[in-house]
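Engineer: Pasting in a structure now, in structure tokens, and then I'll have a few things to ask.
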């Protein structure tokens, strides 16, 4: 019975853990299962996201509730939803709501989709409920643009009329305009008069003059005629002129399919385009071809914006106060894409043809196929294709919805042949009727001297576009013994004699100034090659020069030999004996200049720190030891700490200074032995790496340049020449520090720091001075690094630990325990299932 109860408990726990995530996930706000949502399980953030999407969609709360009912949400849940919405809204000001809505509408569609998915709105765009929560912002088509829309989005254009220009003669004067009347000559006077709301100006001593509705020319004539009543000398010694000063402003109404319909204030010079630009231009559904202008409820003009944008013409009339500009929806639109100069969506009038469409698009590009242009058209509820003969484009009428794509010409050439190889002028040539290969060679000014005269090849394209090759004898072609007639797209190939063999070179290695490969030249001798390589180094053995020559496999007598060896002696001034001077090098010869066995560079080491005479020391013997150089340096000072002495030695990755250079950008270039670049390192990185005795050897790894060797200097001084007295090598650095008084404690301690050394302190006392062991410390693996580079580890036996001795300058390192990965929920479930299964098996075995 107890076993059965245990099994039942395990099964219940297993079901609970495995089903918890699923049960919780079902409470996400998702309209696809809105009937099963428990509003109490939703967070305020989820409710707020839902409210924001509803406000953005433009639906009311009542409409939302009706949709929720139609999808099966219970009345209780609907009441809870109303209460939660009121609760969330009450904790937020209207300004904050507007700000949230504005920011969301400005966000990108992809970002919004991610928010929707997080809140549970993972909807199908075809779902009717999608419109409630969909993006209400205008998403621009990533494909073709409607022709003309970008014109009104150009922020550098204002369409503001120029005010510093002569007044147009047809300008109609109205209330608010300023008139300037100048009288000069026998009588002089200036008047600045404003046209009154009644449409008149008042000249002193003359009375009102009604001018509203007059053109500038008519106004001038009328005013001067009236002025003669008070200025009798006008025309007889006096002169008068009437000009326009400050112009009035007008209010015009822009409505219909525009981005920002409304009433706009323009100058009295303002035109229809000024008004359209102020209103943001037509929308994507607005017409550019029939923009109507009404004045006093009568249609006075219709603007075709294409005429203005393309030809600079059109009825772009000057607007008057209270004029109405109406942009109607478009009637016919054509998609025109492909190899045209301005691919776009164009609006076409009923009587326009493909020729007009070409005009608006700027015509074909130079790579357009101009045979037949095909278009797709919808007729009788089916798509069909129509072909346009470019010889009769003026007779082909467009229809709404036509889609035209002008294809690109193929990359096929006609009447072309190509000449390649060592000819005077290789390249493409015109293929004329019955042109022969000899005529083509003569057109290219003949062949070069290095041409291979035994064979040439013509690559020819077959009718099925496969390739075929035909060989010819250049000698017979040039002599006229043979003649080949060329065909379209033939490629004639000649080869250089140097292209048909391995590149000839000779190599010199060893003790010369510039070792490496050199181009082969016939008749070259050993001394000539040494001369080209910059001559001998001081370390060269002049009495031993070796030449290794390839063995020709066709003439080899002993196939066991890999090279033929020649040895010579040579003087410093590069002179050979008469017999040796007759020896000429052949392609691929390897010349080796050996190093003199009696030449050695000085090997230098450095002693730094607490010796009497620190500095650079040259080793006087190849087996000179530490004790010998220390004796030469005067020995240790009174402040020297011999237990901390360290020997620093170069590793096999050491890069000598001569292989380092710097470019103009401050990069340090590491040179290879052959002179090539191994890698580039920034100067600051190089400094950083040198501080750690490392350097980039390639782009993938960091190798150590130097490494320290722990030495026991006390034993070296007690037993010179003994096993602790190491033999020194080139580049070694013997570092002897001043007496040290601190111990560094780092790793898993509470306060990593440097503490004062005390002879009475043991290992644990020094750790205690740094706050003691941390709870994650691996005490049994603690170790000490001494000042000379040697180290000692903690030893354990049963429950006892033997910690190493700590000396001045030492470093105590306490490592961290390895992290244990906690069991996941799935692991617990798996464990519970295993236990349940095991219990069931045991129960059956017992029973």
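Engineer: For segment 727-776, how many residues are assigned to a loop (DSSP other than H, G, I, E, B) and free of Cβ contacts under 8 Å to residues at least 24 places away in the same chain?
Structural biologist: The total comes to 8.
Table: residues versus (1) outside the structural domain of residue 295 (by TED's automatic domain parsing); (2) not in a helix (DSSP H, G or I).
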| position | (1), (2) |
| --- | --- |
| 322 | no, yes |
| 325 | no, yes |
| 356 | yes, no |
| 366 | yes, yes |
| 370 | yes, yes |
| 374 | yes, yes |
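Engineer: Assess whether residue 167 counts as being closer than 23 Å to residue 274 by Cα, at pLDDT below 85 and touching a strand residue (DSSP E or B) at 6+ places or on another chain (Cβ under 6 Å).
Structural biologist: Spelling it out, residue 167 is indeed closer than 23 Å to residue 274 by Cα, at pLDDT below 85 and touching a strand residue (DSSP E or B) at 6+ places or on another chain (Cβ under 6 Å).
Engineer: If you don't mind, there's one more thing I want to ask. Filtering segment 801-847 down to residues that are surrounded by 11 or more Cβ atoms within 10 Å (Cβ to Cβ), without any contact (Cβ under 8 Å) to a residue 60 or more places away in the chain and assigned to a helix (DSSP H, G or I), which residue is nearest to the chain's Cα centre (by Cα)?
Structural biologist: Within segment 801-847, the match that is nearest to the chain's Cα centre (by Cα) is 827.
Engineer: Kindly indicate the residue of segment 357-367 that is in contact (Cβ under 8 Å) with a residue 12 or more places away in the chain and on the phi < 0 side of the Ramachandran plot and also surrounded by the most Cβ atoms within 10 Å (Cβ to Cβ) among those meeting that condition.
Structural biologist: The qualifying residue surrounded by the most Cβ atoms within 10 Å (Cβ to Cβ) is 360.
Engineer: Here is a follow-up. Filter segment 328-354 down to residues that are more than 37 Å from the chain's Cα centre (by Cα) and in a loop (DSSP other than H, G, I, E, B) and give me whichever is surrounded by the most Cβ atoms within 10 Å (Cβ to Cβ).
Structural biologist: Taking segment 328-354 as the starting set, the residues that turn out to be more than 37 Å from the chain's Cα centre (by Cα) are 328-333, 347-354.
Narrowing further to those that are in a loop (DSSP other than H, G, I, E, B): 330-332, 348-352.
Working: 330: 21, 331: 13, 332: 17, 348: 24, 349: 13, 350: 10, 351: 8, 352: 19.
The residue in question is 348.
Engineer: Looking at (1) within 50 Å of the chain's Cα centre (by Cα); (2) loosely packed, with under 15 Cβ neighbours inside 10 Å; (3) over 30 Å from residue 642 (Cα atoms), which one does residue 791 not meet, given that it meets all the others?
Structural biologist: Evaluating residue 791 over (1) within 50 Å of the chain's Cα centre (by Cα); (2) loosely packed, with under 15 Cβ neighbours inside 10 Å; (3) over 30 Å from residue 642 (Cα atoms) leaves (3) as the failure.
Engineer: Tally up the residues in segment 368-405 that are surrounded by 12 or more Cβ atoms within 10 Å (Cβ to Cβ) and touching a residue at least 40 places away in the same chain (Cβ under 8 Å), please.
Structural biologist: Summing the residues that are surrounded by 12 or more Cβ atoms within 10 Å (Cβ to Cβ) and touching a residue at least 40 places away in the same chain (Cβ under 8 Å) in segment 368-405 gives 13.
Engineer: Might you check whether a residue that is closer than 30 Å to residue 514 by Cα, surrounded by 16 or more Cβ atoms within 10 Å (Cβ to Cβ) and at pLDDT below 90 occurs anywhere in segment 630-643?
Structural biologist: Checking segment 630-643: not a single residue is closer than 30 Å to residue 514 by Cα, surrounded by 16 or more Cβ atoms within 10 Å (Cβ to Cβ) and at pLDDT below 90.
Engineer: Residue 311 passes all but one of (1) within 20 Å of residue 174 (Cβ to Cβ); (2) loosely packed, with under 14 Cβ neighbours inside 10 Å; (3) not assigned by TED's automatic domain parsing to the domain that holds residue 206; which number fails?
Structural biologist: Of (1) within 20 Å of residue 174 (Cβ to Cβ); (2) loosely packed, with under 14 Cβ neighbours inside 10 Å; (3) not assigned by TED's automatic domain parsing to the domain that holds residue 206, only one is false for residue 311: (1).
Conditions (1) in the same structural domain as residue 517 (by TED's automatic domain parsing); (2) modelled with pLDDT of 75 or more; (3) surrounded by 12 or more Cβ atoms within 10 Å (Cβ to Cβ), marked per residue:
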| residue | (1), (2), (3) |
| --- | --- |
| 564 | yes, yes, yes |
| 568 | yes, yes, yes |
| 576 | yes, no, yes |
| 580 | yes, no, yes |
| 584 | yes, yes, yes |
| 587 | yes, yes, yes |
| 611 | no, yes, yes |
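Engineer: Starting from residues that are part of a loop (DSSP other than H, G, I, E, B) and touching a helix residue (DSSP H, G or I) at 6+ places or on another chain (Cβ under 8 Å), keep the ones in segment 482-513 and report whichever is surrounded by the fewest Cβ atoms within 10 Å (Cβ to Cβ).
Structural biologist: The extreme case among them is 483.
Engineer: So, one more: Mind listing just one residue for me: the one in segment 420-451 that is within 41 Å of the chain's Cα centre (by Cα) and assigned to a strand (DSSP E or B) and, of those, farthest from residue 344 (Cα to Cα)? Show your work before the answer.
Structural biologist: Of the residues in segment 420-451, the ones within 41 Å of the chain's Cα centre (by Cα) are 420-421, 426-428.
So of that shortlist, the ones also assigned to a strand (DSSP E or B) come out as 420, 427-428.
On the way: 420: 43, 427: 39, 428: 37 Å.
Here the residue is 420.
Engineer: Quick one: count up the residues across segment 734-780 that are farther than 26 Å from residue 637 by Cβ and under 48 Å from the mean Cα position of the chain (by Cα).
Structural biologist: Of the residues in that region, 14 qualify.
Engineer: Is it true that some residue in segment 815-827 is at pLDDT 80 or above, within 30 Å of residue 759 (Cα to Cα) and out of contact with any helix residue (DSSP H, G or I) (no Cβ under 6 Å at 6 or more places or on another chain)?
Structural biologist: Scanning segment 815-827 turns up at least one residue that is at pLDDT 80 or above, within 30 Å of residue 759 (Cα to Cα) and out of contact with any helix residue (DSSP H, G or I) (no Cβ under 6 Å at 6 or more places or on another chain).
Engineer: Looking at segment 452-472, is at least one residue free of Cβ contacts under 8 Å to residues at least 12 places away in the same chain, over 17 Å from residue 429 (Cβ atoms) and in a helix (DSSP H, G or I)?
Structural biologist: No, segment 452-472 has no match at all.
Engineer: Which count do you get for residues in segment 352-388 that are in contact with a helix residue (DSSP H, G or I) (Cβ under 9 Å, 6 or more places away or on another chain) and more than 21 Å from residue 287 (Cα to Cα)?
Structural biologist: So the answer is 7.
Engineer: Still on this model: If I go through segment 595-609 residue by residue, how many of them are in a strand (DSSP E or B) and either surrounded by fewer than 16 Cβ atoms within 10 Å (Cβ to Cβ) or without any contact (Cβ under 8 Å) to a residue 24 or more places away in the chain (or both)? Talk me through it step by step, then tell me what you get.
Structural biologist: Residues of segment 595-609 in a strand (DSSP E or B): 595, 604-609.
Remaining after also requiring either surrounded by fewer than 16 Cβ atoms within 10 Å (Cβ to Cβ) or without any contact (Cβ under 8 Å) to a residue 24 or more places away in the chain (or both): 595, 604, 606, 608.
Residues meeting the conditions: 4.
Engineer: Tell me whether segment 476-485 contains one or more residues that are touching a residue at least 12 places away in the same chain (Cβ under 8 Å) and under 30 Å from residue 523 (Cβ atoms).
Structural biologist: Scanning segment 476-485, I find no residue that is touching a residue at least 12 places away in the same chain (Cβ under 8 Å) and under 30 Å from residue 523 (Cβ atoms), so the answer is no.
Engineer: Considering only residues that are within 58 Å of the chain's Cα centre (by Cα) and not in a strand (DSSP E or B), which ones fall in segment 614-645?
Structural biologist: Within segment 614-645, 614, 619, 622, 626, 641, 642, 643, 644, 645 meet the criteria.
Engineer: Within segment 719-738, how many residues turn out to be in contact with a strand residue (DSSP E or B) (Cβ under 9 Å, 6 or more places away or on another chain) and surrounded by 15 or more Cβ atoms within 10 Å (Cβ to Cβ)?
Structural biologist: 10
Engineer: If you take the residues in segment 456-479 that are loosely packed, with under 14 Cβ neighbours inside 10 Å and closer than 15 Å to residue 491 by Cα, which one is modelled with the lowest pLDDT?
Structural biologist: Once the filter is applied, the top-ranked residue is 465.
Engineer: With segment 186-286 as the region, which strands (runs of 3 or more DSSP E) entirely inside it contain at least 2 residues that are in the same structural domain as residue 316 (by TED's automatic domain parsing), surrounded by 15 or more Cβ atoms within 10 Å (Cβ to Cβ) and free of Cβ contacts under 8 Å to residues at least 40 places away in the same chain?
Structural biologist: It comes to none.
The values are calculated or read from the model by the stated rules, or taken from the named source; none is laboratory data. Since we're looking at a predicted model, the values are computed, not measured. Reconstructed Cβ throughout: ideal geometry from the backbone, glycine too, with neighbour counts over all protein chains shown.
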